[in-house]
Structures are given as structure tokens and as C-alpha cells.
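I have placed the structure first, in the form of C-alpha cells, so that the comments after it can refer back to it.
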Amino acid sequence: AQSVTQLDSHVSVSEGTPVLLRCNYSSSYSPSLFWYVQHPNKGLQLLLKYTSAATLVKGINGFEAEFKKSETSFHLTKPSAHMSDAAEYFCVATGGGAGSYQLTFGKGTKLSVIP
Amino acid sequence: DTAVSQTPKYLVTQMGNDKSIKCEQNLGHDTMYWYKQDSKKFLKIMFSYNNKELIINETVPNRFSPKSPDKAHLNLHINSLELGDSAVYFCASRLAASSYEQYFGPGTRLTVT
């Protein structure tokens with residue numbers, strides 16, 4: 001079964017400094033991978049997706065993620081944090097269960113941005 | 001122009017009551033989902049419907065019954081509500097023939113007292 005591990009439950013950065021949110025997946029094949037963001041009291045918004053095309057994926061709001069098969073990682077980065085980036089971030093993979101399309105969620109990383 | 005909408009946004013009710021949450025999507029998708037997000041923010045799939053047919057039913061108590069009257073709607077009815085049902089419930093949808101990403105509704109915060 002697919003599993004997704006977000007290595008940090010909470011990351012705190014200063015405004016204007018880089019953001020790194022770490023994610024590892026376990027799979028015997030290359031899944032589709034996503035990052036979703038959830039702002040307080042809001043639904044989940046798709047930030048970016050990897051679907052076996054380019055390994056460096058660009059998303060909205062200046063976020064990027066790089067798929068590294070050898071490390072089974074899909075870390076999310078942003079060069080410069082903004083206050084509006086403060087939110088919960090979920091790394092998600094396909095292949096969790098009854099059908100490869102089922103999504104498996106990581107436990108989330110809360111990003112705090114200090115002014 | 002809301003893509004995936006849910007009603008109500010907040011629901012406060014007492015133990016033992018029966019309640020429903022409605023979900024509608026206007027994206028033309030053919031697959032819809034219900035997820036439960038617990039107090040630790042962990043998201044777990046509950047049900048999935050494709051073209052009005054149930055295709056995923058995770059280990060959810062049978063007090064929870066999804067109903068899909070058509071491809072654009074997936075409602076969730078909960079009988080005999082319990083304290084442990086308190087959570088945020090998210091509806092999502094996807095077009096099965098395209099890629100795997102799902103589009104989520106804004107969530108329904110259910111509080112059982």
C-alpha cells in the first residue's frame with residue numbers, strides 16, 4: 001500500500017526566507033504526486049502536481065517541487081516566504097487502495113511565517 | 001462560479017440526531033468523494049462514487065450513507081450521530097479520464113454535542 005510521510009509537522013520561517021517542506025513516499029512504482037494547501041477554515045487547493053513528465057514541477061504562488069525517484073522524495077520549496085503562505089500543506093500520492101487513482105494523504109505540515 | 005460546493009458550512013447538532021451534508025460540483029466530473037478530516041488535520045477517504053455508483057467504501061460505520069442522485073451531486077447522510085463524528089467533512093470531485101487530481105469543496109464542520 002502507498003504511504004506518504006511528511007517529515008515535519010511544523011515549519012516556521014521568517015518572511016522573505018526560503019521554504020522547504022519535506023515529503024517522502026513509499027511505492028514500488030512512480031505514483032502521481034501532489035501538494036495541496038489548506039488555509040485556516042478553508043478547503044484544499046491544489047498547489048502543483050507531478051505526473052511522470054518533468055521532474056521539477058512549478059505550481060502556483062511561486063512554489064516548486066522536485067520529484068527524486070532515487071530518494072522517493074517530493075519536497076516543496078519556495079525561494080521567499082510571504083505572510084500569506086502561512087497554512088497547512090499536504091503531500092499526496094496516488095495508489096493508496098482500491099484503484100491507483102485513490103489519494104493517500106500525508107499528515108500535513110503547518111507552515112508559520114514570522115514577520 | 002463555484003466549482004465544488006457544500007452545504008451547510010457549519011453544522012452543530014446533538015448526539016443521536018440524523019443529519020445530511022450536500023455536495024454539488026459544476027465541473028462536469030464523473031467521480032466524487034467524501035473525506036473526513038480529524039482534529040489533527042489528518043484526511044481519510046470515506047467513499048467514492050463514479051457515475052453514481054459506489055466504488056470505494058472504506059471502513060466507515062454503516063450509520064454513514066452516501067447518496068448520489070446524479071453525477072453532479074453526492075450527499076452524505078449520517079444517522080445516530082456520535083461525539084466521535086465531530087470533524088470537518090470534505091467533498092471532492094475528479095474527471096476519471098483525465099489526471100488524478102481532485103478538486104475539493106470548502107468543507108463542512110460538524111460538531112456533535
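General observations
- Pairs exceeding 29 Å between alpha-carbon atoms, taken from A:LYS69/B:LYS71; A:LYS69/A:LYS110; A:LYS68/A:LYS110; A:LYS58/B:LYS22; A:LYS69/B:LYS9; A:LYS78/B:LYS71: A:LYS69/B:LYS71; A:LYS58/B:LYS22; A:LYS69/B:LYS9; A:LYS78/B:LYS71.
- Most positive-pole-ward Cα, A:LEU33, A:HIS75, A:THR17, against dipole of chain A from beta carbon charges: A:LEU33
- Label-point gap, in nm, between A:HIS10 and B:SER5 - each point 7 angstrom along Cα→Cβ: 3.8
- Intensity falloff of region A:3-114 expressed as log10 I(q)/I(0), Debye formula with alpha-carbon point scatterers, at q = 0.10, 0.18, 0.23 Å⁻¹: -0.26, -0.84, -1.33
- Accessible area (Å², 1.4 Å probe, nearest 10) - A:GLU66: 80
- Assuming charge only on the beta carbon of Lys and Arg (+1) and of Asp and Glu (-1), the dipole of the protein assembly as shown about its Cα centre is about 140 debye to the nearest 20.
- Springs between Cα atoms under 10 Å define the GNM used for chain A, and in it the highest mean-square fluctuation of A:SER52, A:SER70, A:SER32 occurs at A:SER70.
- Amide H contacts of B:SER86 (H built 1.01 Å from N, in plane; Pro and chain starts excluded): B:VAL112 sit under 5 Å, all sequence-distant by 5 or more or on other chains.
- Sorting the segments A:41-51, B:12-22 by their residues' average number of neighbouring beta-carbon atoms within 10 angstrom, most packed first, yields A:41-51, B:12-22.
- Chain B - percent of accessible surface contributed by carbon and sulfur, probe 1.4 Å: 50
- Test item: Cα-centred dipole of region A:3-114, Lys/Arg +1 and Asp/Glu -1 on Cβ, debye: 180
- The A-B contact accounts for roughly 1800 square angstrom of buried accessible surface, both chains included, probe 1.4 angstrom.
- According to the Cα-based calculation, Rg over Rh for the protein assembly as shown is 0.97, with Rh computed by the Kirkwood formula.
- Relative contact order of chain A, defined on C-alpha pairs under 8 angstrom at six or more residues apart (%): 37
The values are calculated or read from the model by the stated rules, or taken from the named source; none is laboratory data. Just so it is clear, the model here is predicted, and its values are computed rather than measured. FYI the Cβ positions are ideal-geometry reconstructions off the backbone, even for glycines, and counts take in every protein chain you see. Side chains are part of the model used for accessible areas, which takes the heavy atoms of the whole protein and leaves out ligands, DNA and RNA. Shrake-Rupley method; radii C 1.70, N 1.55, O 1.52, S 1.80 Å.
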